[in-house]
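Working notes, beginning with the structure itself.
The values are calculated or read from the model by the stated rules, or taken from the named source; none is laboratory data. These numbers come from a predicted model, not from an experiment. As a convention, Cβ positions derive from the backbone with ideal geometry for all residues, glycine included, and neighbour counts pool all protein chains shown.
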Amino acid sequence: MSLTKRELGNYLIGFTFVLLMVTAASWLNDDELILPEIAALTTGMWIYQNQTWIRQPIKIFLAPSGTAIIGFLVNKIAINYPEKVLVTLILILVLLRVLHSTLAPAFATGLLPIIINATHWSFILAIFLFTALLMIGVLIQGHYKGLPVGQPLRFSHMLGFSLTALAWAITVWACGYPQMAGIPPVLVVFFEVSQMPNYTLKTAIKHVIALGGAATIGVLVHLLLASWLLTTLISLPVVFVLLQLLRIKLPAAYAFPLLALVLPTSMFYRLPLSAFLAATFFLGSTVIYRQLQTRLQVTAEHN
């Protein structure tokens, strides 16, 4: 996909914003200031101008901030890791329903404090700051003007999302890998594609390759460099090249290199495989559901 000068400029601005976040975390030596989903949000809102994400600017701040608080508080409850993930996902769905928002990256900001075991309020303050800056950027760009207000989440979608997440959590828990229960970028993509009326196998395969590839890039580059800033500086452009080769726009993929920086060691080395498996499960489930739905509709029409 060829890029215009304006698009290249937007990429440079977006990547610079993410680099500033990682620079601040490095300077303060606080990994809780590294927020992987800010990379996805920046890409989706400032570069791709995703209409679903930008049409209600105030919710760019409210939804991720609210879910981050949910995840932060749930993390303090003395329950098992997969249970924390499931409780957080359900509460996030409820919050999005109340806010009349379908901002998918809010799932990532809600799960992150559980994954990294965030314990300092600096994490919440960082979410507030960076989502507020993103909101201001969207307001300045003005692309949200004239866009229709989004529809509230349907209960059927909430139920389907919850049941699929439950099935995945039970599976990985039974296999002895409970920390694979919540992989934020994958759940973000799943939440989005599960709302699409059409989702093909070809697109799903590209998404699986992009998500698994981005996770692999983040892990390999960080293993080679062991530097937050250098890993970000190198891995984000490589993810950009991967998405260009696949000819897709997938903001969530940009979150994986930063996620690799903050994961516990036990999750870090498994991240590429976990991403591939989770993406295959969730996105494959969506493809199967859409195919079954189509066949049922065809059968009903013939009858």
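Name the residues in segment 160-215 that are farther than 25 Å from L292 by Cα, within 19 Å of the chain's Cα centre (by Cα) and not hydrophobic (A, V, I, L, M, F, W, C), would you? Residues satisfying the conditions are Q179, G182, P184, P185, G212, G213. Checked against the criterion of being under 22 Å from M196 (Cβ atoms) and modelled with pLDDT of 90 or more, the candidates L73, L89 yield just one match: L89. Being part of a helix (DSSP H, G or I) and either without any contact (Cβ under 8 Å) to a residue 60 or more places away in the chain or crowded, with 16+ Cβ neighbours inside 10 Å (or both) is the requirement here; does L111 meet it? Considered against the rule, which asks whether it is part of a helix (DSSP H, G or I) and either without any contact (Cβ under 8 Å) to a residue 60 or more places away in the chain or crowded, with 16+ Cβ neighbours inside 10 Å (or both), L111 comes out as yes. The residues in segment 55-73 that are under 22 Å from H157 (Cβ atoms), assigned to a helix (DSSP H, G or I) and touching a Ser or Thr at 6+ places or on another chain (Cβ under 8 Å) can be counted, and the count is 8. For segment 269-280, filtered to residues that are surrounded by fewer than 18 Cβ atoms within 10 Å (Cβ to Cβ) and in a helix (DSSP H, G or I), the residue that is farthest from the chain's Cα centre (by Cα) is L273. The test for being aliphatic (A, V, I, L, M), over 22 Å from H157 (Cα atoms) and in contact (Cβ under 8 Å) with a residue 12 or more places away in the chain holds for A255. When you check S101 against the structure, is it part of a helix (DSSP H, G or I), over 19 Å from V18 (Cβ atoms), small (G, A, S) and touching a residue at least 40 places away in the same chain (Cβ under 8 Å), yes or no? Answer is no for this residue.
Taken over segment 12-30, residues that are under 22 Å from P113 (Cα atoms), at pLDDT below 90 and under 18 Å from the mean Cα position of the chain (by Cα) amount to 0. For segment 64-86, the tally of residues that are of a type in the set (A, V, I, L, M) and surrounded by 17 or more Cβ atoms within 10 Å (Cβ to Cβ) stands at 6. For segment 283-303, a residue qualifies if it is farther than 19 Å from M158 by Cβ and surrounded by 13 or more Cβ atoms within 10 Å (Cβ to Cβ), and the qualifying residues are G284, V287, Q291.
Taking the listed residues G44, G9, the one that is over 16 Å from the mean Cα position of the chain (by Cα) and either assigned to a helix (DSSP H, G or I) or of a type in the set (F, W, Y) (or both) is G9, with no other qualifying.
In segment 188-242, the qualifying residues are those that are surrounded by fewer than 22 Cβ atoms within 10 Å (Cβ to Cβ) and small (G, A, S), and the one that is nearest to A279 (Cα to Cα) is G213.
A search for C-beta distances below 8 Å between a residue of segment 157-172 that is under 12 Å from L89 (Cα atoms) and in contact (Cβ under 8 Å) with a residue 12 or more places away in the chain and any residue that is β-branched (V, I, T) and assigned to a helix (DSSP H, G or I), counting only pairs 6+ apart in sequence or on different chains, returns S162/I90; A165/V85; A169/V85. From the list I127, I136, the lone residue that is surrounded by 17 or more Cβ atoms within 10 Å (Cβ to Cβ), modelled with pLDDT of 85 or more and either in a helix (DSSP H, G or I) or among the β-branched types (V, I, T) (or both) is I127.
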